[in-house]
Amino acid sequence: MHEPSWIPDSWRSKPMEQRVAYSDSDALRSAITELAKLPPLVTSWEVEALKQQLAEASRGERFLLQGGDCSESFDDCQASIIASNLKVLLKMSFVLIYGCRKQVIRVGRFAGQYAKPRSAETETRDGITLPSYRGPLTNRPGFTAEERTPQPAYLLEGYHRSALTINFIRGLVDGGFADLHHPEFWNVDFFHHAAAAADDYRQIIDSIGAAIHFMETVAGRRLDELTRVDFFTSHEGLHLEYEQAQTRQVPRRPDKWYNLCTHFPWIGDRTRRLDGAHIEYFRGIANPVGVKVGPSMTPEQLLDLIEILNPHDEPGRLTLIHRFGVKRIAECLPQLIEAVLRAGRHVTWCCDPMHGNTLVTQSGVKTRSFDEILDELNQALDIHQGLGSILGGVHVELTGEDVTECIGGARGLCEADLGRAYSSEVDPRLNYEQALEMAFAIARRMSRGWR
Ligand code: PEP
Ligand code: CO
């Protein structure tokens, strides 16, 4: 089939959702020119390796764990916060490896998750209307005209903070932060409220320690590979000026274009119109790409989207991240799976059980219920299993901090707790305990013979 030609800025001629209105176009141009000169944050061979692994996840040979903040903040670019977010994902991954008996692909919503789509262009408080907050890559959350004005300089600051974050993560994962020879490091810290889960977790860590000891005794040497793990980054590829500036050709693969500011960009549910700028940009890059799929997606649209984003049916290229909500998944998901199966297309299915389950409390606080999140995930597993399809991963908003943003979980957080430690500027995240509890629930479920 004829594919229309593509260049890194062909998206500019297409309808654009979530456009940022900059008042100073010279400042925007010079920020983008500067960004385009700076070195990439990731390499094409890492990107290709991830694509391979996602292909394996589509066949049920690996499981994708993608998680992190709804929106990173520039202030949170600190050693302790980065390390605790990394650590909770690593811990979840070991629980999943143990329970699911398969390798886990670890992908953070890290090192560049700075641009947010908003449902409304503006926000009104006490009769004053200002542009909505769109994440730190664009503007600031404070409700003043100054803070809400988009600043091109934030694009450079976002790049720099992404670089600092990824640099620190690379150092940690290469340098023994995840060294399985030290099980004590993996022990539970502030896991006080879920005694049963803490016991399960300790048992897993002890078994891993015993298994390593056994293997090293048999091999007669230390297994040094166990000191490092793979870790990949992802973010919503929303701000196309920013994404384009880091879109490059590389000497060893001169026929391809890579987005080299992240391994795995995704298209949000609000920006996936077929004739829109985001689909146009994403169709030309060689990275593995994700697309969020919400209740408005029809089977016909989905097949068209697959044809545009993955015309050669390359396994691992396209991950469909479905996010319907606990009340809609049973009605929405089966027809999409059936359409993909009928068409014989290769996709990696991933469940985001967060974004369809956002609630607003009577006092106006955004939250999510742990039980509903888990319920959507369990339904997703059932539906894929029932249709002979494979759920290849999970996408969650979480933090390694002890926040109180989602209700429920072993500690039984309730509405009254939300005021205590709520720091997300956008969506509510699972906290450390809730995130680990989620990993246990998935591992338990998958170890009962689910693919
Ligand atoms: C998100 O992942 O933070 C997000 C905005 O998701 P969605 O596009 O699914 O609404
Ligand atoms: Co979110």
Checklist entry - If R0 is 45 Å, what FRET efficiency do you get for residue 206 and residue 274 from their C-beta distance, rounded to 0.05? => result 0.30
Checklist entry - Among the aspartates and glutamates, which fall within straight-line cross-link reach of residue 51, defined as a Cα-Cα distance under 14 Å, with same-chain neighbours fewer than 8 residues apart omitted? => result 61, 230, 313, 314
Checklist outcome for this item: Shape call for the range 1-84, from the Cα gyration tensor axes a ≥ b ≥ c (a/c under 1.5 means rounded, otherwise prolate when a/b beats b/c, else oblate), comes out oblate
Checklist entry - Want the number for residue 385 to residue 182: 0.36 nm per residue separation, take away the alpha-carbon distance, what's left? => result 69.4 nm
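Shape verdict for the range 278-330, please, from the Cα gyration tensor: rounded (a/c under 1.5), prolate (a/b greater than b/c) or oblate. Show your work: numbers first, answer last.
Details: a/c = 2.21, a/b = 1.94, b/c = 1.14.
Prolate, since a/c reaches 1.5 and a/b exceeds b/c.
If the chain between residue 79 and residue 10 were fully stretched, how many nm would it gain, using 0.36 nm times the residue separation less the Cα-Cα distance? Intermediate results must be reported in sequence, preceding the final value.
Values: separation 69, 0.36 × 69 = 24.84 nm, distance 3.84 nm.
In short, 21.0 nm is gained.
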Checklist entry - Counting DSSP beta bridges with both partners in the chain, what percentage is antiparallel, nearest 5? => result 25
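Determine the shape class of the chain: with a ≥ b ≥ c the square roots of the Cα gyration tensor eigenvalues, call it rounded for a/c under 1.5, and otherwise prolate if a/b is greater than b/c, oblate otherwise. List each step's numbers first, then the result.
Details: a/c = 1.35, a/b = 1.23, b/c = 1.09.
Rounded shape, in that the Cα axes give a/c under 1.5.
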Checklist entry - What are the DSSP H helices in the chain that stretch 30 Å or more along their long axis, judged by alpha-carbon atoms, and whose average Kyte-Doolittle hydropathy comes to at least -1.0? => result 79-100, 153-174, 195-219
Checklist outcome for this item: Rounded to one decimal in nm, the spacing of the 7 Å Cα→Cβ label points at residue 330 and residue 249 is 5.3
Checklist outcome for this item: Rounded to 0.05, the calculated FRET efficiency for the beta carbons of residue 223 and residue 27 at R₀ = 60 Å is 0.70
Item to check | Computed [θ] at 222 nm, helices only, for the chain once each DSSP H run of length n ≥ 4 contributes -39500 (n - 2.57) | outcome: -12500 deg cm²/dmol
Next on the checklist: Give the lysines reachable from residue 327 as a straight Cα distance under 20 Å; neighbours fewer than 8 places away on the same chain don't count.
Outcome noted: 292, 366
Checklist outcome for this item: Quick numbers on the range 270-399, Rg and Dmax over C-alpha atoms in Å, give 15.0, 50
Checklist outcome for this item: Excluding residues fewer than 8 positions from residue 87 in its own chain, the lysines with Cα under 23 Å of it are 102
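Every read-out reported here was derived from the displayed coordinates using simple, explicitly stated rules and does not represent laboratory data. This structure is a prediction, so every number in the text was calculated from the model and none was measured. No Cβ is skipped: glycine too gets one built from the backbone with ideal geometry, and neighbour counts run over all protein chains shown.
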